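Quick notes on the structure that follows.
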Amino acid sequence: MRLKIGLISDKPQGETNCTAETKHTDIQKKSTNEEIYKVLKKKYDVVEIIADNRIIKNLIESKIDLAFPLCTGISGESRQSQVPAILEMLRIPYIGSGILAHSLSLNKAVAKQIFAYNNILTPSFQIFNTAGENFNMNLKFPLIVKPSCEGSGFGIHKDSVVYNKQDLMGKIKSLLKSYCPPVLAEEFIKGREFTIGIIGNGSEKRFLPIMEINFDDVPEKFGKFYTFEVKSQLSEKTKYICPASINKDIELKIKNSAGRAFDALGCRDFARVDVRLKEDQPYVLEINSLPGLKSQYSDLPKMALKEGLSYDELIFNIVEISIRRINKDKRYMEEKVSDKKIS
Ligand SMILES: Nc1ncnc2c1ncn2[C@@H]1O[C@H](COP(=O)(O)OP(=O)(O)O)[C@@H](O)[C@H]1O
Ligand SMILES: [Mg+2]
């Protein structure tokens, strides 16, 4: 008998909140699910489950051995943890980060406090729950103002970089109207940007070749950083250089920071860390505990390819890594994945 995997996906967000941002995400998610489904089918029995209000009943009836949640959730600051929480309640082992790590990574304000506590460099910042809070005069302009609990460039546009207090307060006010508080204002680092793919856990972590994201050819009017517009419409103007051209010393520093950020938040199995360089030191911007997995499009599969891992191999690797982790973890004695079924 083959191992039975439940591929769990979000309900399209556009059904409840139709914006340019949600439309774009729905399309990406749908094609990623289709691709992963096709790959998993080659080795496993696969059932697709939608994370709607029938999910508990559907999970119980599906009798899966392992879940692969690809859900960023619909609303709330801990939305990425909703499906993992249901899976833990039902004692179904699952691939990827757990409840806490997903909640922490989706909350940049809290994640940055944990990075700072662990001496992982991150841009200096201030958290605003309301627009009326006093500004910390120690922060140096320019600042970037962003929603704390979003991803995929949501809420990040050219005017997110501000050069004075008046624009800062205006931007905070407008973000608080559209996004879950808090809003984060952090020092804008002008240096080179990199993203680091990690697969594995503990001492078996594997760092994929580092990717530089270069904005030199992006027209000035869009901003020379990864805004929503640059991410979703200007990929042909963005240079993805992988492996990045950096010396060994910087490479090691970047990998070290990324690995420590992964561990500090308790991530599992796979993740992607964004950093920018200032005076040859990597500053962690954020960690994505559920990075995009769309082939030939998302960074992680592109980086894997440079490591010689085809898309199928990347997905199978992630599944195998998670099974090894689950079966080693003493905390979940009853949730082992049956080794008879692992091909
Ligand atoms: N402190 C910063 N300094 C320079 N650029 C930043 C900073 N914070 C964010 N950015 C730019 O904005 C992009 C998106 O920010 P990020 O925090 O990674 O949010 P998201 O979750 O939307 O990817 C980054 O990839 C980077 O280009
Ligand atoms: Mg990012």
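A short reminder: the numbers here are calculations on the coordinates, not readings from a lab. Just so we're clear, the structure is a prediction, and the values are computed from it rather than from any experiment. Glycine gets a Cβ as well: all are built from the backbone with ideal geometry, and neighbour counts include every protein chain shown.
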**Fill in**
Computed over the chain: longest principal axis from alpha-carbon atoms vs helix 248-264 long axis, angle to nearest 10 degrees, is 70 degrees
**Request:** Sticking to Cα atoms, compute the Rg of region 124-187 to one decimal and its Dmax as the biggest Cα-Cα distance, whole number, in Å.
**Result:** 10.4, 30
**Fill in**
Rounded to the nearest 500, the 222 nm mean residue ellipticity computed for the chain from DSSP H runs (n ≥ 4, each -39500 (n - 2.57)) alone is -10500 deg cm²/dmol
**Fill in**
Quick shape check on region 4-95: root eigenvalues a ≥ b ≥ c of the Cα gyration tensor, a/c under 1.5 is rounded, otherwise prolate if a/b tops b/c, else oblate, and it reads oblate
**Taking the chain and dividing mean pair separation by its residue count, relative contact order in percent (alpha carbons under 8 Å, at least six apart)** = 19 percent
**Fill in**
Largest fluctuation, 75, 160, 148 only, Gaussian network model of the chain with Cα springs under 10 angstrom, belongs to 75
**Pairwise label distance in nanometres, residue 328 with residue 19, each label 7 Å out on the Cα-Cβ vector** = 4.0 nm
**Asked** For region 42-197, how big is Rg over Rh, using alpha carbon atoms and the Kirkwood form of Rh?
**Response** 1.07
**Asked** Highest mean first, what order results for 67-74, 320-327 on Cβ atoms within 10 Å?
**Response** 67-74, 320-327
**Prompt:** To the nearest 20 debye, what is the magnitude of the charge dipole of the chain about its Cα centre, counting +1 on the Cβ of each Lys and Arg and -1 on the Cβ of each Asp and Glu?
**Reply:** 440 debye
**Request:** Compare the peptides 258-268, 34-44 by average per-residue count of other Cβ atoms within 10 angstrom and give them in order, highest first.
**Result:** 258-268, 34-44
**Request:** List, in order, the whole-Hz ³J(HN,Hα) value for each residue of region 201-209 obtained from phi through the Karplus relation with A = 6.51, B = -1.76, C = 1.60 and θ = phi - 60°; use x for Gly and Pro.
**Result:** 9, x, 6, 8, 4, 10, 8, 7, x
**Message:** Using 0.36 nm times the number of residues separating residue 50 and residue 247, minus their current alpha carbon distance, what extension gain do you get?
**Reply:** 66.4 nm
**Prompt:** Which of 108, 294, 63 moves the most in a Gaussian network model of the chain with Cα springs under 10 Å?
**Reply:** 63
**Message:** To the nearest 20 Debye, how big is the dipole of region 124-187 about its Cα centre, given +1 on the beta carbon of each Lys and Arg and -1 on that of each Asp and Glu?
**Reply:** 120 debye
**Asked** With a ≥ b ≥ c the root eigenvalues of the C-alpha gyration tensor of region 245-290, is it rounded (a/c under 1.5), prolate (a/b larger than b/c) or oblate?
**Response** prolate
**Asked** Which three semi-axes in whole Å describe the equivalent ellipsoid of region 138-284, each the square root of 5 times a Cα gyration tensor eigenvalue, listed largest first?
**Response** 27, 18, 15
**Request:** Give the Rg (one decimal place) followed by the Dmax (whole number) of region 159-232, computed from C-alpha coordinates and expressed in Å.
**Result:** 16.4, 48
**Request:** Could you tell me which of the pairs 302/328; 41/302; 112/165; 302/336 are separated by over 24 angstrom between their Cα atoms in the structure shown?
**Result:** 302/328; 302/336
**Asked** If one puts a single equal scatterer on every Cα of the chain and applies the Debye formula without solvent, what log₁₀ I(q)/I(0) results at q = 0.11, 0.12 Å⁻¹?
**Response** -0.72, -0.86
**Fill in**
Relative contact order in percent for region 1-82 (Cα pairs under 8 Å, 6+ apart) equals 50 percent
**Fill in**
In nm, the gap between the two label points placed 7 Å beyond Cα toward Cβ at residue 118 and residue 27 is 3.6 nm
**Asked** What is the log10 of I(q)/I(0) for region 227-343, computed with the Debye formula using one identical point scatterer on each Cα and no solvent, at q = 0.11 Å⁻¹?
**Response** -0.49
**Request:** For the chain, give the share of DSSP beta bridges that are antiparallel, in percent and rounded to the nearest 5; count only bridges with both residues there.
**Result:** 75 percent
**Prompt:** What percent do you get for the relative contact order of region 152-304 when only Cα pairs under 8 Å and 6+ apart count?
**Reply:** 25 percent
